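Student: Structure below; questions to follow.
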Amino acid sequence: MGKIRRPGIKEKVDRDLDILKSLAKRGERVSSRISELKALEMVKEFEDWITDELDLEKEARNAEVLRNNMSGEEGIKIPEIHQEVSTERVMVMERVEGLKATETEKLKEIDIDAEAVADRGISMGLKQVIRDGFFHADPHPSNFFIDTETGQIILIDFGMVGKLTETTRRKLGLLFLHVANEDVDSAVQTIQEIGSVREDADIPGLRKDVEEMILLLKNSRAKDSTVTRTALDMIVSASRRGIDFPSSLVLTGKAMVTIEGIVLSINPDADLTHRYSSEVKEILREQNSPKDLATDLAIDMIQNRDLITKAPSKLNQALETDDEGREVHVHDEGREGRAIMAAGLSVSAAILLQGELGLQASTVLGVLLFMAAGVLFLRD
């Protein structure tokens, strides 16, 4: 099984892209609306995507990344790429067979567990987007198969992938949760944190839009409105209200909405809101374990060691005289020592939470040390 780049296609695509860029430039000059939409930036983003799709060596690397990321997920198959015989113009991969996910009648005939496959599809999409930040960006039905013997989901065609930073994917996960929980204020706040808020942004208007969308989701069937579609609509509304977002979010929304459509074709009764909520909670819980939080805090304290250890003496210097220049003796040698001790306890706690004492012992002792550090920091 393989993929071959047609002769001359790259040159044709380059010509078409030049035309699109020229039209975008002209459009931005004559229309403020087109300028606000950043048409030229969108065309350049599309240029990057289509250029990547034409490079089959890069597609092979994308496939390997996804294969490694999904290797521990039961029921997900990414075909192996034969790198030794693949080039920029030719990609050779393991042969796979299955039914398109939209061939629902045939899937019924072979008695596929529709609920399990649908749950697996949502889990796969969220783990790629929220957990890994590297996702298949074109999972349409022709790239999404079901193994008729095992029920495995098989993905092919890895020319278009999306990438999200750790911060963006964590915030996006939180947005999904806020939408599922019908939390309007938290959703609005998270949207602002994901994007860049302009001075003329209409936040009250955005809040009204978000409230209406969450109400619509609450009273809609899954096939009419879902968490992802609602979150994507919120981001579109926010962009109109004066908040700018990374273009990668458009690709993210497109990919997740496509997966949702496929999932609902397999299992129309899927409870997507519940599935999103439970899956995202689990991913965020894994990413924000005590061990990881302890590591982040330890690094932050080490980076800010001077601030932590010297703050008491600098505060003392500032308080040694009052507004009229009179001396105020408030020196406390013990305070500086407590700050140093608290920093040491916090670092020790972080080490314990990563250590080999066993999960229960290290966690309990580490938490106790953090509590002791907190008491020292807050002590008068």
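Taken together, the values in this text are just the output of simple stated rules run on the coordinates, not laboratory data. Everything numeric in this text was worked out from a predicted model, so none of it was measured. FYI the Cβ positions are ideal-geometry reconstructions off the backbone, even for glycines, and counts take in every protein chain you see.
Student: Set the Förster radius R0 to 45 Å, insert the Cβ-Cβ distance between Gln83 and Leu216 as r into 1/(1 + (r/R0)^6), and round the FRET efficiency to 0.05.
Tutor: Efficiency, rounded to the nearest 0.05: 0.40.
Student: Let me ask something else about it. What is the set of long-range amide H partners of Phe134 at a cut-off below 5 Å, with H atoms built 1.01 Å from backbone N?
Tutor: Leu164
Student: Sorted from fewest to most neighbouring beta carbons within 10 Å, what does the list Val197, Val117 look like?
Tutor: Ranked by crowding around the Cβ, least crowded first: Val197, Val117.
Student: With label points built 7 Å along Cα→Cβ from the Cα atoms of Asn288 and Lys21, find their separation and express it in nm.
Tutor: Going by the 7 Å Cα→Cβ label model, 4.2 nm.
Student: Among Asn219, Ala114, Thr104, whose Cα sits farthest toward the positive end of the charge dipole of the stretch 96-237 (+1 at Cβ of Lys/Arg, -1 at Cβ of Asp/Glu, about the Cα centre)?
Tutor: Looking along the dipole axis, the top candidate is Asn219.
Student: Also, I was wondering about something else. Quick one: if the Förster radius is 51 Å, what FRET efficiency do Asp202 and Trp49 give, using the C-beta to C-beta distance and rounding to 0.05?
Tutor: After rounding to 0.05, the efficiency reads 0.95.
Student: Now for a different question. Using Cα-Cα distances under 8 Å and only pairs 6 or more residues apart, what relative contact order does the stretch 55-286 have, in percent?
Tutor: Taking the mean separation of contacting Cα pairs over the length of the stretch 55-286, I get 24 percent.
Student: Computed FRET efficiency, Cβ-Cβ of Ser278 and Ala116, R0 22 Å: what is it to the nearest 0.05?
Tutor: So the FRET efficiency works out to roughly 0.90.
Student: About the Cα centre of the stretch 55-286, how large is the charge dipole given +1 on each Lys and Arg Cβ and -1 on each Asp and Glu Cβ? Please answer in debye to the nearest 20.
Tutor: 540
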